[in-house]
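Below is one structure; the comments refer to it alone.
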Amino acid sequence: MSLAWIIILPLMGCLLAALLPRHSRNAEAWLAGAVALGCCALIGTLYPQIANGGVVRTAFIWAPALGLEFTLRMDGYAWLFAMLISAMGTLVVLYARYYMSPQDPVPRFFSFLLAFMAAMLGVVLSGNLVQLALFWELTSLVSFLLIGYWHHRVDARRGARMALTVTAAGGLCLLAGVLLIGRIVGSYDLDTVLASGDTLRNHPWYLAVLILIALGALTKSAQVPFHFWLPHAMAAPTPVSAYLHSATMVKLGVFLLVRLWPVLSGTNAWFWLIGGAGLCSLVLGAYAAMFQKDMKGVLAYSTISHLGLITLLLGLNSTLALLAAIFHIANHATFKASLFMAAGIVDHETGTRNLTRLSGLRYAMPITATLATVAAAAMAGVPLLNGFISKEMFFTETVFVSGNMAARIGLPAIAVIASMFSVAYSLRFILQVFFGPPAQDLPRSPHEAPRWMLLPSALLVLSCLVVGIFPAQTIGPLLDTAAIAVLGPQMPAHDLALWHGFNLPLAMSLLAMAGGIIIYFGLRLRLRRLAAAVVPGYQLDGKRVFESVLDRATALARRLTNAVSSVRLQVQLLLLLLAIFLSALFALRLHGLPPANLPLTRIDPAFVLVWLVGAVCAIGAAVQAKYHRLAALVMSGAAGLATSLTFAWFSAPDLALTQLAVEVVTVVLILLGLRWLPRRKEADDWETRSLPLRLRARTRRMRDLLLAGCAGLGLAALTYTVLRRQLNGGIASFFIENSIPLGGGSNVINVILVDFRGFDTMGEITVLGIVALTVYALLRRFRPAPESIALPHQQRGAGTAAAAPDPRAALPTGALMVPALLVRMLLPVAGMISLFYLLRGHNLPGGGFVGGLVMATAMILQYLVSGTIWAEARARLRPQHWIAFGLLCAAGAGLSAWLATRPFLSALALHAQLPLIGELHLSTVLLFDLGVYMLVIGAAGLILVALAHQSLRRHRLPAGAANLGKLTIQPFANLPPATTPEDH
């Protein structure tokens with residue numbers, strides 16, 4: 001269970017951080033730091049169980065029908081990564097406390113950071129490949145929020161979009177590869193997959209699996225040709241860069257390659273695909289880093305290069321190369337995070353990161369200069385630092401690589417050249433910023449950062465020194481534990497030491513340092529143009545290519561949309577009904593209608609009358625929609641009432657109650673929105689139309705009538721057949737027989753909605769919340785031209801002239817007829833009735849949806865009698881909070897089933913005997929229904945707010961009255977008239 005708490009802690013911290021006050025950096029930093037430190041402690045306590053090749057597992061039932069379990073698994077390799085994630089997170093939180101400005105929304109920052117930590121830990125600890133893929137995509141989503149944290153900046157928005165597009169697309173490829181692996185191996189369990197290497201490598205689909213997995217890994221680790229998103233992600237705050245782009249997100253790709261190394265490596269395809277991508281990234285990233293003007297740009301391209309080094313090591317199909325790759329993963333995280341922090345300190349204290357403006361900062365910032373110099377030396381591979389040892393191991397593997405002569409000579413040579421570039425950009429990073437004469441034109445006067453802001457960088461630099469001098473005593477046991485977890489019995493003998501004597505790898509290291517110094521001073525002598533001409537690839541702009549592809553894809557999608565759709569609602573409905581009709585016709589042609597073997601019941605005259613009234617109202621609504629929208633709305637409501645009576649006639653009280661409540665709410669909401677629809681002009685100019693236009697209009701109406709009639713008759717025939725079908729077994733009988741034993745409720749409809757098909761219901765309420773937010777977002781920006789609005793006093797043919805508005809027009813007409821006092825007295829009664837339906841829904845007709853609709857009806861009545869004043873100023877509801885907490889309640893009901901090792905959204909019941917009360921029956925179904933109840937109320941309230949906004953705009957009410965729980969309205973009287981489509 002301790003494995004679960006490693007992920008639960010940051011998730012809980014994420015929620016708590018989001019609820020803290022905006023300007024309380026200390027509280028949020030303490031919370032985030034305590035959570036990260038708690039994760040470190042939990043991970044540290046598990047080391048004795050995995051130190052000798054052990055594995056710790058925790059499993060929960062997830063989707064048993066699919067053979068899936070929510071499995072958490074920690075071995076030595078996962079332990080090393082989890083400790084890296086949580087320890088680095090602790091240091092970044094401390095650094096961010098002093099980096100972030102009090103004007104920034106700091107709770108949102110720490111909330112996103114802890115959510116990302118939870119997603120990363122979920123990937124690392126996943127014992128199921130499908131679960132790993134889900135957490136993988138979650139890291140892409142949360143990193144999008146972190147990179148775009150300063151969303152007022154264009155570069156942040158573009159960088160976040162680019163990162164999400166590339167990494168999420170790679171994640172989809174990874175999911176496809178994972179599904180293929182599960183199909184080949186017969187299981188998604190990680191232990192089973194890792195034991196099936198021969199089966200996977202000998203399968204005909206091995207190459208497809210390798211390509212899909214490689215696409216997921218290479219996009220996440222920013223390897224060529226998918227490297228372009230990482231430099232543009234530097235628009236994120238520096239703590240984000242230090243965390244995501246040195247120790248966590250970009251390491252996920254190489255983490256996955258190491259994790260699946262036992263089952264995918266050992267083939268020529270692996271060597272050329274993985275090794276080739278790593279080699280290209282190693283050279284091109286190092287080369288491009290030498291010419292960047294931004295400090296974080298240098299670090300971004302150097303990250304691409306070092307990740308290429310790790311990927312190249314993994315592609316060599318050598319166990320010692322794998323060991324070196326794991327070692328360099330840890331080393332790169334330490335010195336690169338320290339360098340990012342140094343870049344952030346320089347930016348924080350001087351106001352710029354431009355290398356061409358910075359100079360001589362060692363006088364004003366001596367501690368920062370010292371820390372950055374040591375970290376840059378580790379990145380360059382200088383002796384006595386950790387980067388030197390792992391880079392020497394890299395040189396050793398390139399020297400002893402097997403293959404043809406070109407590989408044996410070319411690979412070491414390319415490795416030395418790339419290392420020269422690494423030394424050159426490391427020298428440029430340090431000498432150009434901290435040495436030379438002090439700069440005179442900086443935005444701010446430089447000074448040393450607070451000591452607590454320097455502490456995280458100092459600890460990382462200290463680890464670089466300690467590991468570089470005493471590698472076997474410090475990192476050695478952890479590295480062995482991680483490598484044994486991957487290699488098992490194939491663990492090679494190795495000597496992790498600072499000094500191995502004078503040998504070829506040492507000579508290569510010295511040559512790389514000497515060559516790097518020469519290259520740096522050569523660039524100082526204005527040889528940049530010659531260097532750029534040697535490698536034309538330096539001029540390639542991945543951002544331009546990406547945006548070009550994105551623009552072309554968007555244009556293609558727009559053309560396809562225009563070809564099959566229309567901005568007119570009528571055409572969209574036509575295409576939708578046509579698609580449904582053709583699909584049904586195709587299905588019926590293949591299979592025919594199911595047999596109808598039940599006898600017909602006697603036709604009741606009262607029922608026929610109800611249907612006749614409903615049919616007449618439906619036809620009347622279609623006819624009156626052209627001339628009188630209010631009459632059409634009333635008739636459609638009557639048709640809905642007939643449908644509700646039909647449900648009640650067929651002994652379906654739940655459906656009847658729901659239909660009735662839906663009809664009341666939707667009809668009134670549409671009624672409130674009718675006045676904002678544009679006026680119909682067809683009736684006015686019908687007489688002036690030419691004969692061809694009249695014929696075309698009549699033809700279109702006959703076509704629509706024919707299609708609607710076919711669709712309606714088809715649905716009626718299907719319903720007729722289903723109602724006459726004998727219920728001998730099947731899914732209907734299953735629901736009836738298992739409603740009480742499995743769902744714990746006698747109301748079969750409610751049990752189906754909240755238990756058997758609870759996931760569908762959760763999706764539906766999520767869509768409802770999205771629709772409400774969309775309506776609010778659209779209406780708050782919608783400013784119709786006054787002449788286009790059909791006001792109540794404008795009758796047909798009255799033209800566009802309008803009388804002077806009545807001051808009471810801000811209140812709907814109902815407010816002038818219904819005493820407001822009576823309606824206000826109705827609100828608590830309606831609240832009690834809604835709670836009554838909520839609490840009884842599992843065993844009797846009712847439920848959260850009906851209860852929420854009843855409460856929503858009472859809210860609408862308050863709006864009708866009090867208008868915008870009630871909806872905006874006097875309501876104490878916060879609709880967006882109701883929607884959010886409703887979704888959380890529904891999700892909590894599902895998660896509680898997981899904690900009880902049962903399938904997601906399974907009903908859990910608790911029986912207790914209370915004094916004076918008797919037996920108390922509690923169920924998680926109530927929590928799910930409560931979520932539905934809250935979300936329906938929140939959705940209705942948010943739509944009322946949107947309608948109130950329109951009333952304020954129309955009647956120019958004071959902006960001070962427009963406030964509903966942080967949903968504020970700007971003074972609309974100062975807005976210019978709408979003249980462009982964007983304004984509308």
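Roughly speaking, what is the stretch gain from residue 503 to residue 459, that is 0.36 nm per residue apart minus the C-alpha to C-alpha distance, in nm to one decimal? Could you put the intermediate results ahead of the total?
On the way: separation 44, 0.36 × 44 = 15.84 nm, distance 3.23 nm.
Difference between extended and current length: 12.6 nm.
Based on alpha-carbon atoms only, what is the radius of gyration of region 116-169 relative to the globular estimate 2.2 N^0.38 Å?
On the way: Rg = 12.3 Å, N = 54, 2.2 N^0.38 = 10.0 Å.
Cα-based Rg divided by the globular estimate yields 1.23.
Can you check how the C-alpha radius of gyration of region 384-429 compares to 2.2 N^0.38 Å, as a plain ratio? Let's see the in-between values first.
On the way: Rg = 12.2 Å, N = 46, 2.2 N^0.38 = 9.4 Å.
With N residues counted in region 384-429, Rg over 2.2 N^0.38 Å equals 1.29.
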### Query
Working out 0.36 nm times the residue gap between residue 824 and residue 514, then minus their Cα-Cα distance, what length gain in nm do you get to one decimal?
103.1 nm
### Normalised contact order of region 1-124, rounded percent, pairs of Cα under 8 Å and 6 or more residues apart
43
### Summary
P(r) of region 29-183 over all Cα-Cα pairs, 10 Å bins starting at 0, rounded to whole percent, reads 10, 32, 34, 19, 4, 0
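Do any trypsin sites (Lys or Arg not before Pro) in region 546-625 lie in a DSSP loop with no more than 12 other beta carbon atoms within 10 Å, and if so, which?
Working: sites: 552, 558, 559, 568, 589, 602; in loops: 568, 602.
Filter output for region 546-625: 568, 602.
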### Task
Take region 700-759, compute every pairwise Cα distance, and split them into 10 Å bins from 0; I just need the percent in each bin.
20, 28, 26, 17, 9, 1
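Based on the Cβ-Cβ distance of residue 551 and residue 414, what FRET efficiency does E = 1/(1 + (r/R0)^6) give at R0 = 30 Å, to the nearest 0.05? All intermediate terms of the calculation are to be shown ahead of the outcome.
On the way: r = 35 Å, r/R0 = 1.18.
Efficiency, from the Cβ-Cβ distance: 0.25.
Could you give the size of the charge dipole of region 37-193 about its Cα centre, using +1 on the Cβ of each K and R and -1 on the Cβ of each D and E, expressed in debye and rounded to the nearest 20? List each step's numbers first, then the result.
Values: 9 positive and 7 negative charges, 93 e Å.
Dipole size: approximately 440 debye.
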### Message
Just to verify a number: FRET efficiency for residue 435 and residue 466, C-beta to C-beta distance, R0 = 35 Å, to 0.05?
### Response
0.85
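Compute the projected area of the convex hull of the Cα atoms of region 233-292, averaged over all viewing directions, and report it in nm² to one decimal place. Kindly include the intermediate steps, with their values, before the conclusion.
Values: hull surface 19.8 nm².
Here the figure is 5.0 nm², rounded to one decimal.
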### Query
What does a probe at residue 195 reach in region 105-134, counting residues whose amide N is under 19 Å from the point 7 Å along Cα→Cβ?
126-130
### Query
With each pseudo-label sitting 7 Å past Cα toward Cβ, what's the residue 5-residue 695 distance in nm, one decimal?
8.2
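Can you tell me the FRET efficiency between residue 597 and residue 760 if r is taken as the Cβ-Cβ distance and R0 is 30 Å, rounded to the nearest 0.05? All intermediate terms of the calculation are to be shown ahead of the outcome.
Values: r = 30 Å, r/R0 = 0.98.
Efficiency computed from Cβ-Cβ geometry: 0.50.
Taking 0.36 nm per residue of separation and subtracting the Cα-Cα distance, what length does fully extending residue 713 through residue 844 add? Spell out each step's value before the answer.
Working: separation 131, 0.36 × 131 = 47.16 nm, distance 3.35 nm.
Here the segment from residue 713 to residue 844 would lengthen by 43.8 nm.
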### Task
Run the quick spin-label model on residue 572 and residue 399: label points 7 Å from Cα toward the beta carbon, then report their separation in nm to one decimal.
6.8
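What number results when the radius of gyration of region 351-485, computed over Cα atoms, is divided by 2.2 N^0.38 Å?
Taking the Cα Rg and dividing by 2.2 N^0.38 Å, one obtains 1.32.
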### Message
Could you tell me the extents of region 255-353's C-alpha atoms along the three principal axes, largest first, rounded to whole Å?
### Response
51, 23, 17
## Note on the structure
Expressed in Å to one decimal, the Kirkwood Rh of region 1-43 from all distinct alpha-carbon pairs is 10.7
### Query
Using a simple spin-label model with points 7 Å from Cα along the Cα→Cβ vector, what separation in nm is obtained for residue 706 and residue 746?
5.4
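No value in this document is a laboratory result; all are computed from the given coordinates. Everything quoted here is computed from the prediction, not taken from an experiment. Neighbour counts run over all protein chains shown; Cβ positions are idealised from the backbone, glycine included.
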